[in-house]
Amino acid sequence: MPEYVIKTGDRAAVIAGLRALADFMADNPEVLVSYRPSVGVCVNAAVTAARRAGAASAAELLGVPLEDLGEGYYSARREFGPVTYHVTAVPPKERQ
């Protein structure tokens, strides 16, 4: 069991919601769309190494490099056209 926690939701429900949103937007061209929409996931861990491991695992699955943002924050992101999927490792609240 990893020492990190990735805050995640109901996978099937999120995918169905994204598909429903895409269909709605396709069927209603008058509805405004965001210029650069994004979907994000957070990795939490008390220990920096575990936090980095969680973000590194996500980066590997996304096929992108892990970015060290400094001060205990790590990020991985992949763009799908103008839509960005990003994973951010956040230090414990007492370190923010």
Per the list (1) more than 27 Å from E67 (Cα to Cα); (2) open to solvent by 80 Å² or more (accessible area, probe 1.4 Å), residue check on R11 breaks on (1)
Index of the failed condition, A76 passing every other in (1) in contact (Cβ under 8 Å) with a residue 12 or more places away in the chain; (2) open to solvent by 70 Å² or more (accessible area, probe 1.4 Å); (3) within 26 Å of E3 (Cα to Cα) = (2)
Just give me the residues in region 20-48 being of a type in the set (A, V, I, L, M) and not in a helix (DSSP H, G or I), in sequence order.
-> V31, L32, V33, V39, V41, V43, A45, A46, V47
Counting only residues that are modelled with pLDDT of 90 or more, of a type in the set (S, T, N, Q) and closer than 22 Å to Y73 by Cα, region 1-49 contains a total of 1
Residue ID - modelled with the highest pLDDT, chosen from residues in region 79-96 that are more than 25 Å from V14 (Cβ to Cβ) and either surrounded by 13 or more Cβ atoms within 10 Å (Cβ to Cβ) or not polar (S, T, N, Q) (or both) = P91
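Regarding V47, is this residue open to solvent by less than 30 Å² (accessible area, probe 1.4 Å), among the hydrophobic types (A, V, I, L, M, F, W, C) and touching a residue at least 24 places away in the same chain (Cβ under 8 Å)? Reasoning before the result, please.
Numbers: open to solvent by less than 30 Å² (accessible area, probe 1.4 Å): no; among the hydrophobic types (A, V, I, L, M, F, W, C): yes; touching a residue at least 24 places away in the same chain (Cβ under 8 Å): yes.
Spelling it out, it is not the case that V47 is open to solvent by less than 30 Å² (accessible area, probe 1.4 Å), among the hydrophobic types (A, V, I, L, M, F, W, C) and touching a residue at least 24 places away in the same chain (Cβ under 8 Å).
The values are calculated or read from the model by the stated rules, or taken from the named source; none is laboratory data. Fair warning: this is a prediction, and the values are worked out from it, not measured in the lab. Please note: Cβ atoms are built from the backbone with ideal geometry, for glycine as well, and neighbour counts cover all protein chains shown. Calculation scope for accessible area: heavy atoms of the full protein, side chains included, ligands and nucleic acids excluded. Shrake-Rupley method; radii C 1.70, N 1.55, O 1.52, S 1.80 Å.
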